[in-house]
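Here the structure is laid out as structure tokens; the discussion comes afterwards.
The values are calculated or read from the model by the stated rules, or taken from the named source; none is laboratory data. This one's a predicted model, so the numbers in the text were calculated from it and none came from an experiment. Glycine gets a Cβ as well: all are built from the backbone with ideal geometry, and neighbour counts include every protein chain shown. These accessible areas exclude ligands, DNA and RNA; they are computed on the full protein's heavy atoms, side chains included. Shrake-Rupley method; radii C 1.70, N 1.55, O 1.52, S 1.80 Å.
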Amino acid sequence: MDTDKLRIALIGYGEVGGIFGAALAPKSQAVTAFDIRVTEDMRERATKDRVRLAASAADAVAGADLVISAVTASATRDAAASAVPAMRRGAFLLDVNSASPRTKADCGALADAAGARYVESAVMTSVPPYGIKVPMLLGGAHAEALAPTLAALGFSARVGASRLGVVSAIKMCRSVMIKGMEAIVIESLLAARRYGVEDEVIASLGETFPGIDWERQASYFWSRVVRHGKRRAEEMRESAHTVREAGLAPLMASAIAQRQQWVADLAAAGTFDGAGNDAAWREHADRIARDDRA
């Protein structure tokens, strides 16, 4: 498929939007982005990647063939509401946000009312290591129609369901496990460090799960939450909605969101300033121990 005539809009120009914009600009006629909080880094990135920053969501999506929504989980519905009234009829709205099945269904209804074609996407792992080739599941009545275009643009996306909410349910239920492991490791090892028994705990984990390097895995979990705890907490609140929509009390999902948010609040307060992206989990734990706010 010839993609150089495609006009693409990004709603959200943070980490994910920036990665997608850089990859899509050389393959399409134009890429326009809107973010509710534009930073100087965003402006520099947009100039380098030949992405036009728009003054509003309506300005960004006007005339676009494909709109990609890549905002925080809590802003998913608002992003759709701001974009779809200005989209041309028949344009695709690809929603890559981590939101509950009901939220995705609501966004789909907004798009249908405006004559746009809504496709939900469940991004199945962290975007940065993969870039535009991050594995995605597509869902909704228009997923099959959009899939060839995404493939031509370089996405690694396959259709997972023709009904909205199914692939988001897969993503959200998976998130309870993945983000839950992060939260459990942080809480367990932080407590163990304070008792001075972390070496014994890690050794025991290694005996029980011999295929995992727990020192390395723990440091990876900590680094992800320190850097992206706010976004992860929002995603877990959406996971809690997903569990509740299934008729279950989201006991674990709600607790995971609280622990993720706790780390995010410490990061925002500067607790981890100066720690490198590859800092060991023990350094993060010691920084928390020295912080009166913790």
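On a 0 to 90° scale, report how tilted helix 101-114 is relative to the longest principal axis of the chain, with both axes built from alpha carbons and the result rounded to the nearest 10. In the chain, helix 101-114 runs at an angle near 20 degrees to the longest axis. Here the accessible area is traced with a 1.4 Å probe on the protein chains. For the range 72-134, carbon and sulfur cover 53 percent of it. Specify whether the C-alpha gyration tensor of the range 122-213 places it in the rounded, prolate or oblate class, a ≥ b ≥ c being the square roots of the eigenvalues: rounded for a/c under 1.5, otherwise prolate if a/b is larger than b/c and oblate if not. Prolate is the answer for the range 122-213, as a/c is 1.5 or above and a/b outweighs b/c.
If you count, for each residue, the other Cβ atoms within 10 Å and average over each peptide, how do 24-30, 113-119 line up from highest to lowest?
113-119, 24-30
Report note on the peptides 232-238, 125-131, 154-160, 273-279: ranked by the mean count of other C-beta atoms within 10 Å, highest first, their order is 232-238, 154-160, 125-131, 273-279.
Classification of the range 1-160 by its C-alpha gyration tensor yields a rounded form. The axis ratio a/c (a ≥ b ≥ c) stays under 1.5. Relative to the longest principal axis of the Cα atoms of the chain, the long axis of helix 166-195 makes an angle of roughly 20 degrees. Estimated at 0.36 nm per residue, the fully extended path between GLU187 and VAL201 surpasses their Cα-Cα distance by 3.8 nm. Cross-link pairs exceeding 19 Å in C-alpha to C-alpha distance, out of LYS133/LYS171; LYS27/LYS48; LYS179/LYS230; LYS104/LYS179, comprise LYS104/LYS179.
From a point 7 Å beyond the Cα of ALA268 in the direction of its Cβ, which residues of the range 8-46 have a backbone N at a distance under 18 Å? Hits in the range 8-46 for ALA268 at 18 Å: 14-15, 36-39. The DSSP beta bridges internal to the chain are antiparallel in roughly 15% of cases. Shape class for the range 133-174, computed from the alpha carbon gyration tensor (a ≥ b ≥ c): oblate, with a/c not under 1.5 and a/b at or below b/c.
Can you show me the helix-derived [θ] at 222 nm for the chain, built from DSSP H runs with n ≥ 4 at -39,500 (n - 2.57) apiece and divided by the number of residues, rounded to the nearest 500. About -17500 deg cm²/dmol.
Summarising the amide proton neighbourhood of ARG88: residues at separation of 5 or more, or on other chains, whose placed amide H is nearer than 5 Å comprise GLY63, ALA64.
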